[in-house]
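A.B. asks: Take a look at this one; I'll ask things after.
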């Protein structure tokens, strides 16, 4: 009898050196609280070599990914948050198919105790976003990597616009439950 090993990981995204510094703190906070899970950081091509080296000393896996820009300047201008244009880049986390389950965490997250129990939650577990009643806060969420989900999300985002990753994920999850 073969037992399938469950590979699980915390995943974060560092698109530039500033985000990389936050990812370093996140990674250290997870390590300091004795996580038993792998740590993965997705980095943008502009992260400098010294930051990459430091991330490699903290994370089990450092993956360079292309930056995905929503181009949704119309919705972001009133919020004065042009940085949110590239939140689509987190969609790359669904390509980590060598893991069975992951928890995505924004690089500005600080862990204060062991949170490995998050892996016991179902996909897609996340907190609601109080400012956006139809969305979840995409800063921390549980997901199962899948190339099919990645392709569907990319298609949906391209066809429907909007900078908010959570809107697209919720639409696809609800469609999957109806099918």
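The values are calculated or read from the model by the stated rules, or taken from the named source; none is laboratory data. Remember, it's a predicted structure, so these values are computed and weren't measured experimentally. Note that we place each Cβ from the backbone using ideal geometry, even for glycine, and neighbour counts take in every protein chain shown.
A.B. asks: Kindly check whether there is at least one residue in segment 34-45 that is over 20 Å from residue 119 (Cβ atoms) and surrounded by fewer than 17 Cβ atoms within 10 Å (Cβ to Cβ).
C.D. replies: Taking segment 34-45 first, the residues over 20 Å from residue 119 (Cβ atoms) are 43-45.
Add one more test, that the residue is surrounded by fewer than 17 Cβ atoms within 10 Å (Cβ to Cβ), and what stays is 45.
The answer is yes; a qualifying residue exists.
A.B. asks: Would segment 91-104 turn up any residue that is farther than 15 Å from residue 11 by Cα and either surrounded by fewer than 19 Cβ atoms within 10 Å (Cβ to Cβ) or at pLDDT 60 or above (or both)? Give the steps one after another, and end with the answer.
C.D. replies: Looking only at segment 91-104, we keep the residues that are farther than 15 Å from residue 11 by Cα, and these are none.
Within segment 91-104, none of the residues are farther than 15 Å from residue 11 by Cα and either surrounded by fewer than 19 Cβ atoms within 10 Å (Cβ to Cβ) or at pLDDT 60 or above (or both).
A.B. asks: Where residues in segment 109-160 are more than 20 Å from residue 7 (Cβ to Cβ), out of contact with any strand residue (DSSP E or B) (no Cβ under 9 Å at 6 or more places or on another chain) and surrounded by 15 or more Cβ atoms within 10 Å (Cβ to Cβ), which of them is modelled with the highest pLDDT?
C.D. replies: By that ranking, first place goes to 152.
A.B. asks: Can you list residue pairs whose Cβ atoms sit under 7 Å apart, with the first residue in segment 43-60 being over 21 Å from residue 9 (Cβ atoms) and the second being modelled with pLDDT of 95 or more and surrounded by 10 or more Cβ atoms within 10 Å (Cβ to Cβ)? Count only pairs 6 or more apart in sequence or on different chains.
C.D. replies: Pairs that qualify, where the first residue is over 21 Å from residue 9 (Cβ atoms) and the partner is modelled with pLDDT of 95 or more and surrounded by 10 or more Cβ atoms within 10 Å (Cβ to Cβ), are 45/64; 48/17.
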